[in-house]
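Report on the structure given below.
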Amino acid sequence: MNILLIYPEFPDTFWSFKHALEFIGKRSALPPLGLLTVAALLPREWSLRLVDTNVRGLTDKDLAWADCAFISAMVVQRESARLLILRCKGAGLRIVAGGPLFTCEPERFAEVDHLILNEAELTLPLFLEDWAQGHPKRLYTTADFADMRQTPVPLWRLLNLNDYATMSLQFSRGCPFNCDFCNVTALLGHRFRIKTSEQIIAELDSLHAQGWRGAVFFVDDNFIGNKPFLKTDLLPALIAWQKTKNGTAFITEASIDLADDPPLMALMVEAGFDTVFIGIETTDNTCLNECSKQQNNNRDLVEDVKRIQRAGLQVQGGFIVGFDHDRPSIFQRQIDFIQKSGIVTAMVGLLQAPAGTRLYARMKKEGRLCNDYSGDNVDGTTNIIPVMSLAVLKEGYRRILDAIYAPAPYYQRIRTFLREYKAPRVRSKLQFAHILAIVRSAYRLGVAGRERLQYWRLLAWTLFRHPRLLPDAIMLAIYGYHFRKICDQHVL
C-alpha cells in the first residue's frame, strides 16, 4: 500500500514567518508534526511518502504513485486543503483526513472518504482494523482522550530537515484553564496529559540522529501545566541531555503564572529554553473576566513579563481586541503596554469564536455569528458581530498594527527587551543559515530597507551595550521585516 501524506500550504500569516525565512534559506518554519506522528502509527509494511506543500509542490507523479492520500490540516489551511482534496479526488485516490480542521468542520468535506477525528492514537487504530477487514467506515470519532505515554516517536525520516527553520515535538496535551475563546480544551480537554521524560529524550535523540542541530519548539499549549514533574523529572533530564549535545535551543508556550516561579524559570533556561509565548490578551481586567482568563487578572503584567525576560526567556505575546467590554481607549492602552513591556513579537488580532468554544456557543445564542472563522490571528477579520462599532474596531486595530510595527517603535521595543534580557548560557551553535541571515539582513534592512537608519543604530547600540545579544538583535530585526510585510497586507 502506497500512502501519500499531504500537508496543505499555509497562507502568508504572522506565524508563517515566510518573509523571515528568506533570510536563512528555509522553506517552512515548522514540520507537520501531526502527520509525522500519524505516519508512525501506520503499518510498517506500507510505503510512505510525505508531501509538505509548504516546501514543495504536489506532483502528478506523487498522485500516480499513491493508492491513498492522508491529509491533516488546521483551520487556517482550509482553502489549501480543499484544493488538495479535489486534486486527489480527480486522481482517483481514496482520501483519509484528520486534524483540527476536519474535527471542527467535518460537515464541510463531503469529498473525503474517511474522517479520522479527535486524537489519532485512539481513532486511527479503529480505522486501520476496519480497513484490514475490508469494511472501513466514513467517520471515526471519540469523546475519550489519548494516553500520551503510548504516542510513538514521529517519523522524522520522511522529512528533508534542511527545508525547516525549527523542529517540533509535543510533551503535553490539555489545559487546566477555561478561556472562553480558546478551542484547546474543546479539542484536547482540561486534563493535563504528558509523555514521559524517556519519550521526550528518545524524540530528541531521534532528531539528533537524523542530523538536526537547530532549535526545537515544544508545541504544548501550556508547557507548565505540571510544574512538579517539570522540576523533578523532565527539566533535569533535558539538562543532562544538553551536556552531551552541544546546546539546542528550545521554544514553548506557557501561562503568565510562570513569572511566579523563579526556580522553574531557572531550570527551563538551564535546560535550553530561551523563548516562551504567553497569551496576554488584554490588560483590561473587565475583559479578562469576560473571557474567563482569570490567571491573567489583577496582576502587574508588565512586571511579570520583565521578570520572565530577566530570567533569560524572551516573551512572545498574544493580544486581542474586540471584547464586549472594550472601549475605544483599549487601542492606545494595548500599544502602550506592548511598547513598555518590550514584547517584540506581539501578535494582535480581532476576537474570533472558533467552533466548539464557549464563546462560539454564546455568540450563536445571541445571533452574533457572521462569516467564517478564518483561523488566522492577524488577518483583521472576525466571525462575530462586536458590541463596538465594527468600523471603529477595525480602525483601532489598524492603528495598533501601524503603531507597533512601524520601524521606529519596533526597533525601540527591541532595545527595551534587550535591556532586560539575560541571555542563557545554552545557545544554538552558529550555522551557515545564521551567517546567511547576517549578510542578507545587512543588505535588505541596512541598505535597501526603509528601516536602514534604525537597523544600523540598533546594531551599534547592541555592540556597545550588549555584544552577546547581537544575534538576537539581528533575528528580531528580521522578524520585524516579516511582520511589516504582514501588516502591509491588512493595514489599509
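Derivation of every value follows stated rules applied to the coordinates shown; laboratory data play no part. Model, not experiment: these values are computed from the prediction. Neighbour counts are summed over all protein chains in view; Cβ atoms, including those assigned to glycine, are modelled from backbone coordinates with ideal geometry.
Overview of results
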{"read-out": "In Hz, Karplus ³J(HN,Hα) per residue of the stretch 324-335 (6.51, -1.76, 1.60; θ = phi - 60°; x = Gly, Pro)", "value": "4, 8, 5, 10, x, 5, 4, 5, 5, 5, 5, 4"}
{"read-out": "Per residue convex hull volume, Cα atoms of the stretch 176-236, in Å³", "value": "106"}
{"read-out": "log₁₀ of I(q)/I(0) at q = 0.09, 0.10, 0.17 Å⁻¹ - the stretch 2-140, Debye sum with one point per alpha carbon", "value": "-0.26, -0.32, -0.92"}
{"read-out": "Linear extension gain, Glu45 paired with Ala448, 0.36 nm per residue minus alpha-carbon span", "value": "139.8 nm"}
{"read-out": "Mean residue ellipticity (222 nm) of the chain, computed from DSSP H runs ≥ 4 via -39,500 (n - 2.57), nearest 500", "value": "-12500 deg cm²/dmol"}
{"read-out": "Nearest 10 degrees, 0 to 90: helix 197-209 Cα axis against the chain principal axis", "value": "90"}
{"read-out": "Dipole moment magnitude, nearest 20 debye, the chain about Cα centre, only Lys, Arg, Asp, Glu C-beta charged", "value": "1540"}
{"read-out": "Listed peptides 210-221, 6-17 by packing density, highest first (mean Cβ within 10 Å)", "value": "6-17, 210-221"}
{"read-out": "Over the chain: Rg over Rh, Cα atoms, Kirkwood Rh", "value": "0.95"}
{"read-out": "Lysines whose Cα lies under 27 Å from that of Lys485, excluding same-chain neighbours fewer than 8 positions away", "value": "Lys18, Lys26, Lys340, Lys394"}
{"read-out": "Sorted peptide list for 441-452, 252-263, criterion being average Cβ within 10 angstrom, highest first", "value": "252-263, 441-452"}
{"read-out": "Rule-of-thumb Rg ratio for the stretch 166-420 [Cα; 2.2 N^0.38 Å; N residues]", "value": "1.05"}
{"read-out": "Dipole magnitude of the stretch 2-140, debye to nearest 20 (Cβ charges: Lys/Arg +1, Asp/Glu -1, about Cα centre)", "value": "280"}
{"read-out": "Spin-label pair Lys89/Asp324, simplified geometry with 7 Å Cα→Cβ offset, distance in nm", "value": "3.9"}
{"read-out": "Calculated from backbone phi, Karplus (6.51, -1.76, 1.60) coupling profile of the stretch 141-158 in Hz, x at Gly/Pro", "value": "8, 7, 9, 8, 10, 6, 7, 5, 5, 9, 6, x, 5, x, 8, 4, 5, 6"}
{"read-out": "Principal axis dimensions, largest first and in whole angstrom, of the stretch 293-427 by Cα", "value": "52, 29, 28"}
{"read-out": "Amide H contacts under 5 Å for Phe273, placed H, 5+ residues apart", "value": "Phe250"}
{"read-out": "Cβ-based net charge around Ala73, under 15 Å, with every Lys or Arg adding one and every Asp or Glu removing one", "value": "-3"}
{"read-out": "Rounded to 10°, Cα long-axis angle of helix 452-465 versus longest principal axis of the chain", "value": "80"}
